[in-house]
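In what follows, a single structure is set out as structure tokens and then discussed.
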Amino acid sequence: MANAARGEVDLDIPHDTDPDKAQHYTLFLSTNAICEMQARTKQTYGQILRSIEDLDYTNFRELVWAALKRYHTRQFPNVEKVGDLIDDATRWRVQTVLVQLFLLNMPPKAEEAQPEVGPGRPMAAPDGTGNGSTSMPVPTV
């Protein structure tokens, strides 16, 4: 079962007649898997993603292989096995899961970004205090 908090998604491939024979995979794009993919393809991650937008299925298969590496290396020792998986699952289903993977791992939008005050951040000074304050002390009686 994928852990969304860790950036993982599930790829489930139902069996035509027997639900007990359904296949389940957890996809995660680790830094090491991305680096290995870049070394194999001699392309940057951005170039790979742009080529997939242009329907480059060689790079699509490479990306799926990278996403399977953390949990399914033994099941997919080579990229040809990944191509078989894509065919069994259908390209549409795998593309949908990859989109979920990208969306889950996108940086937060500006309005969702970390607050300026909070754990690990300095507290904001309250208004009217500090060296630049124009407030005057109240005399005691």
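Here are a few things to note about the model shown:
- Of all the listed residues (V9, V82), the sole one being β-branched (V, I, T) and touching a strand residue (DSSP E or B) at 6+ places or on another chain (Cβ under 7 Å) is V9.
- Summed over region 37-47, residues that are over 15 Å from the mean Cα position of the chain (by Cα) and surrounded by 11 or more Cβ atoms within 10 Å (Cβ to Cβ) total 7.
- Residue in region 76-92 that is of a type in the set (A, V, I, L, M, F, W, C), under 19 Å from the mean Cα position of the chain (by Cα) and surrounded by 13 or more Cβ atoms within 10 Å (Cβ to Cβ) present: no
- Region 1-36, residues that are exposed (fewer than 10 other Cβ atoms within 10 Å of the Cβ) and without any contact (Cβ under 8 Å) to a residue 12 or more places away in the chain: A5, D16, T17, D18, P19, D20, T31
- Counting residues in region 102-121 that are at pLDDT below 95, of a type in the set (G, A, S) and part of a helix (DSSP H, G or I) gives one or more.
- Every pair of residues 6+ apart whose Cβ atoms lie under 6 Å, when the first sits in region 37-61 and is touching a residue at least 12 places away in the same chain (Cβ under 8 Å) while the second is hydrophobic (A, V, I, L, M, F, W, C): M37/A66; N59/I48; N59/I52; F60/I52; R61/V79; R61/V82
- The criterion of being at pLDDT below 95 and hydroxyl-bearing (S, T, Y) does not hold for Y25.
The values are calculated or read from the model by the stated rules, or taken from the named source; none is laboratory data. Since the structure is predicted, the reported quantities are computational estimates derived from the model, not experimental observations. Note that each Cβ is placed from the backbone with ideal geometry, even for glycine, and that neighbours are counted across all protein chains shown.
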